[in-house]
Structure formats: structure tokens, C-alpha cells
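Bear in mind these aren't lab numbers, they're just calculated from the coordinates by the rules spelled out. This is a predicted model, so every value here is computed, not measured. Here the Cβ positions follow ideal geometry from the backbone for every residue, glycine too, while neighbour counts run over all protein chains shown.
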Amino acid sequence: MSIFNELKSALEQACEIEHGKRKASRITRYEVADVRRIRAQLNVSQAQFAEALGTSVDTVKSWESKRRNPTGLAAKVLNAIDSNPAIYYQLHSR
């Protein structure tokens, strides 16, 4: 099967799922971390938070304002910090 046909078939299946004509074989959900809440619970500034995460203050601001969502490793680290705030302090002390 050509890549075009595979993509066409996948798109047709997605449309069927969207219109309730087919059930999805699996559903994957990703929780987007509430960066502002996490940082507020830690009682640290945006600059301190950015430094600990190895990113810029502008990035933290864009996450907090929901202009951008953390992705990849940043998303995983934020979820880990949310679950276990001690991780933040380990990152911040380095």
C-alpha cells in the first residue's frame, strides 16, 4: 500500500470516528501542566523557575499565559514536579 493510500485510509477512519460511525481503537490523552499553579505552589519567581528548568523567562511566561504548551521533556519534568515538588528543589540546587 502506498503512503498516500495509508494516509487516505487513516483520514477516512478519523472522519468516521469523528462522526460516530466507528469507535476509536485507542484514545491517548495528555494532561497539559498548569505551570502557573505549579510555580505558585513552589512559591518561586518566574526567573527562578526558568533557571531551574534550563529555559527562558519568556518561555515560562508563554506557558503560564497558555500561548504555548510545554512539550517533550519539559512536559514530563513539569508533571514530575507537580507530582513530587522535591524534584524542583533538586533541579534548582544544581
Open item on the list: To test your reading of the geometry: what angle, between 0 and 90 degrees and rounded to tens, separates the Cα axis of helix 72-83 from the longest principal axis of the chain?
Closed with: 60
Task: Taking LEU78, LEU11 and counting other C-beta atoms within 10 Å, the order from fewest to most - done: LEU11, LEU78
Open item on the list: Counting other C-beta atoms within 10 Å, and keeping those with at most 16, which DSSP coil chymotrypsin sites (Phe, Trp or Tyr not before Pro) do you find in region 1-62?
Closed with: TYR30
- [ ] Using only the alpha carbons of region 52-94, determine the length spanned along each of the three principal axes and report them from longest to shortest in whole angstroms.
- [x] 27, 18, 16
Open item on the list: Give me a comma-separated list of calculated 3J(HN,Hα) values for region 12-20, in order, Karplus coefficients 6.51, -1.76, 1.60 applied at θ = phi - 60°, integers in Hz, x for any Gly or Pro.
Closed with: 4, 5, 4, 5, 4, 5, 4, 8, x
Task: Dipole axis of region 1-64 (+1 Lys, Arg; -1 Asp, Glu on Cβ), positive-most option in SER2, ALA14, LEU42 - done: ALA14
Open item on the list: Given bins 5 angstrom wide, list per bin the percent of all Cα-Cα distances in the chain, short to long.
Closed with: 3, 12, 19, 18, 8, 7, 8, 9, 10, 6, 1, 0
Task: Where GluC sites (Glu not before Pro) fall in DSSP loop in the chain, at most 15 other Cβ within 10 Å - done: GLU31
